[in-house]
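Quick notes on the structure that follows.
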Amino acid sequence: MNKKLLTSMLVLCASASASAQKTFDVTVTNDYPKAKSNAPVVLRLDKYGFDVKSALVKTDGREIPCQLDDIDQDGRFDELCFITDVAGNVSKKFTVTLYDEGEPRNYQPQVYVEMLLSNKKVKQSNKQDLYISQLTVDNGTNPYWTLHHHGAAFENDMVAYRIYFDHRQTVDIYGKYERRLELKETQFYPDEQQKAARYGDDVLWVGSTLGLGTLRGWDGGKPTMLTDVDKRSQRIISRGPIRTIVEVKDKGWTPQPGDKPIDMTALYTLYAGRRECSVDVKFSKPAAGYLLSTGFINVKNSTEYSDKKGLRGCWGTDWPVSAKDSVGHKRETVGLGICVPEEYIVSEEPANKDNYAYVIKTDTDELHYKITFCSDNETFGYHSDEEWYSFLKEWKEDLAHPLRIADK
């Protein structure tokens, strides 16, 4: 083999083994006059032409935390996300580099999520150790008592949520005193020492109500449970460091007798530094023929706010557990909120003893809304219905003016 041919082959081999990368600018614009805090920026990765393995995001020459997520769990990252503060009527530039090798960078976790099987050999409620990432059960199987805290639980330093893994699929909440991550230590059930150290706790009794933003069927007069389901599952899609994503899937759901079964997949997404949880639902076909419901529990003695255009909230005080379990607990005051796009709303139902409900539907195969809450225990939050409803109005305005994102 002559030297010239050998050199050419070596060059070709080096080119073939060279890593692919792409560096580009992302301009994030806040067209709203008010500043945005911890605003999410999400980029789809399929348009960049290679299998992204790691990423780097910088602004003003400074590296900031970012996150790669495999949303559909096919082994390839689908999205890159990061969060940022942006002043009103300002654009901010970021430099993004994508690589086809390496692993996602490690950053200080700002969120946390867990699923655990109940270990009957461990008596302490905050020392459970059978961690899992997903569970699927057949119709007729109820894993509510099999899973510790009854389903996936997730948090940032402000709020924590959990989703019941049964026919109710209720969204429940955990309120905090201080801004910090706690669920890894308390596992939703703080012991007496942790309570003395001002760790948070369950702050809402939900029973069979809508809890906070639970999605259910509608029979013409009341919400209906997700009872007639072939298989149901919960799965942790993303563990952070800046957002958690929990997937809840109901395969072969028949909302009402006579309905044709439909598959429903809901993603519950919580970002660092944000109170709200995004509920993004995908159906296996256009769902125009199905009536659904959502809303939240009518907390005892609560006041209500509604703008009659999809924003609704309440502020009230009640025991966070059933009467027989109330020893060691105190009455809790909470503010609840939901923001549903008007296009989905069939009716805003008057409050009854259980719920502030909406009847909703979608003409497509998707449905999107957001839920939020606060606890009166918070040193950093809201402490009256007036303050809470003022926040809800500002929150809706903020959501109505998302960041404009351009890359080149």
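Residues in the range 85-114 that are surrounded by fewer than 16 Cβ atoms within 10 Å (Cβ to Cβ) and of a type in the set (Lys, Arg): Lys93, Arg105.
Given the condition more than 18 Å from Thr372 (Cβ to Cβ) and surrounded by 15 or more Cβ atoms within 10 Å (Cβ to Cβ), answer yes or no: does some residue in the range 293-304 qualify? Taking every residue of the range 293-304 in turn, at least one turns out to be more than 18 Å from Thr372 (Cβ to Cβ) and surrounded by 15 or more Cβ atoms within 10 Å (Cβ to Cβ).
Please go through the range 250-281 and give me each residue that is within 14 Å of the chain's Cα centre (by Cα) and part of a strand (DSSP E or B), ordered by number. If the condition is that a residue be within 14 Å of the chain's Cα centre (by Cα) and part of a strand (DSSP E or B), then Thr265, Ala266, Leu267, Tyr268, Thr269, Leu270, Tyr271, Cys277, Ser278, Val279, Asp280, Val281 are the ones that fit.
Examine the range 115-131 for a residue that is closer than 25 Å to Pro261 by Cβ, open to solvent by less than 20 Å² (accessible area, probe 1.4 Å), out of contact with any Leu (no Cβ under 6 Å at 6 or more places or on another chain) and not in a loop (DSSP other than H, G, I, E, B), and state whether such a residue exists. No, the range 115-131 has no match at all.
If you check Glu155 against the conditions, is it farther than 30 Å from Pro33 by Cβ, touching a Leu at 6+ places or on another chain (Cβ under 6 Å) and charged (D, E, K, R)? Taking the combined requirement at face value, the residue satisfies it.
How do the pairs read when you match residues in the range 106-126 that are acidic (Asp, Glu) with residues anywhere that are surrounded by fewer than 16 Cβ atoms within 10 Å (Cβ to Cβ), using Cβ under 8 Å and keeping only pairs 6 or more apart or on different chains? As it stands, the answer is Glu114/Tyr131; Glu114/Lys184, since those pairs meet every condition given. For the range 366-408, the set of residues classified as in contact with a helix residue (DSSP H, G or I) (Cβ under 7 Å, 6 or more places away or on another chain) and open to solvent by 30 Å² or more (accessible area, probe 1.4 Å) consists of Lys370, Tyr382, listed by residue number.
Please verify whether the range 242-259 includes one or more residues that are closer than 24 Å to Thr209 by Cα, buried (at least 22 other Cβ atoms within 10 Å of the Cβ) and in contact with a Pro (Cβ under 7 Å, 6 or more places away or on another chain). Yes, some residue in the range 242-259 is closer than 24 Å to Thr209 by Cα, buried (at least 22 other Cβ atoms within 10 Å of the Cβ) and in contact with a Pro (Cβ under 7 Å, 6 or more places away or on another chain). Scanning the range 205-223 for residues that are open to solvent by 10 Å² or more (accessible area, probe 1.4 Å) and either in a strand (DSSP E or B) or under 17 Å from Lys330 (Cβ atoms) (or both) yields Trp205, Trp218, Pro223.
Do we find that Pro341 is in contact with a His (Cβ under 8 Å, 6 or more places away or on another chain) and either closer than 29 Å to Lys249 by Cα or among the hydrophobic types (A, V, I, L, M, F, W, C) (or both) in this structure? Considered against the rule, which asks whether it is in contact with a His (Cβ under 8 Å, 6 or more places away or on another chain) and either closer than 29 Å to Lys249 by Cα or among the hydrophobic types (A, V, I, L, M, F, W, C) (or both), Pro341 comes out as yes. Taking the listed residues Asp69, Asp31, Asp74, the one that is open to solvent by 80 Å² or more (accessible area, probe 1.4 Å), among the charged types (D, E, K, R) and under 26 Å from Ala400 (Cα atoms) is Asp31, with no other qualifying.
Taking the criterion of being surrounded by fewer than 17 Cβ atoms within 10 Å (Cβ to Cβ) and either touching a helix residue (DSSP H, G or I) at 6+ places or on another chain (Cβ under 7 Å) or of a type in the set (Lys, Arg) (or both), the residues of the range 39-57 that qualify are Arg44, Lys47. Screening Lys121, Lys93 for residues that are over 26 Å from the mean Cα position of the chain (by Cα), of a type in the set (Lys, Arg) and more than 30 Å from Gly49 (Cβ to Cβ) leaves exactly one candidate, Lys121.
Any chance the range 228-241 includes a residue that's farther than 30 Å from Asn106 by Cβ, open to solvent by less than 30 Å² (accessible area, probe 1.4 Å) and touching a Gly at 6+ places or on another chain (Cβ under 8 Å)? Yes, the range 228-241 contains at least one residue that is farther than 30 Å from Asn106 by Cβ, open to solvent by less than 30 Å² (accessible area, probe 1.4 Å) and touching a Gly at 6+ places or on another chain (Cβ under 8 Å).
For every residue, the table says whether it meets (1) closer than 28 Å to Gly295 by Cβ; (2) of a type outside the set (S, T, N, Q).
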residue: Gly102; (1), (2): no, yes
residue: Gln108; (1), (2): no, no
residue: Gln128; (1), (2): no, no
residue: Ile132; (1), (2): no, yes
residue: Trp145; (1), (2): yes, yes
residue: Val171; (1), (2): yes, yes
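This table checks each residue for (1) touching a Ser or Thr at 6+ places or on another chain (Cβ under 6 Å); (2) more than 23 Å from Ile245 (Cβ to Cβ); (3) touching a residue at least 40 places away in the same chain (Cβ under 8 Å).
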site	(1), (2), (3)
Asp31	no, yes, yes
Tyr48	no, no, yes
Ser54	no, no, yes
Gly61	no, yes, no
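Quickly run through the range 93-106 and pick out the residues that are farther than 15 Å from Arg44 by Cα and either in contact with a strand residue (DSSP E or B) (Cβ under 8 Å, 6 or more places away or on another chain) or in a strand (DSSP E or B) (or both). Lys93, Phe94, Thr95, Asp100, Glu101, Gly102, Glu103, Pro104, Arg105 - these are the residues of the range 93-106 that are farther than 15 Å from Arg44 by Cα and either in contact with a strand residue (DSSP E or B) (Cβ under 8 Å, 6 or more places away or on another chain) or in a strand (DSSP E or B) (or both).
Kindly provide the set of residues from the range 270-292 that are more than 12 Å from Tyr369 (Cβ to Cβ) and open to solvent by less than 40 Å² (accessible area, probe 1.4 Å), ordered by number.
Leu270, Tyr271, Ala272, Gly273, Arg274, Arg275, Phe283, Ala287, Tyr290
The values are calculated or read from the model by the stated rules, or taken from the named source; none is laboratory data. Everything numeric here is computed off the predicted structure, so don't read it as measured data. Because the Cβ atoms are built from the backbone with ideal geometry, glycine has one as well, and the counts that use them run over all protein chains shown. Quick note on the areas: whole protein, heavy atoms, side chains included, nothing else; ligands and nucleic acids left out. Shrake-Rupley method; radii C 1.70, N 1.55, O 1.52, S 1.80 Å.
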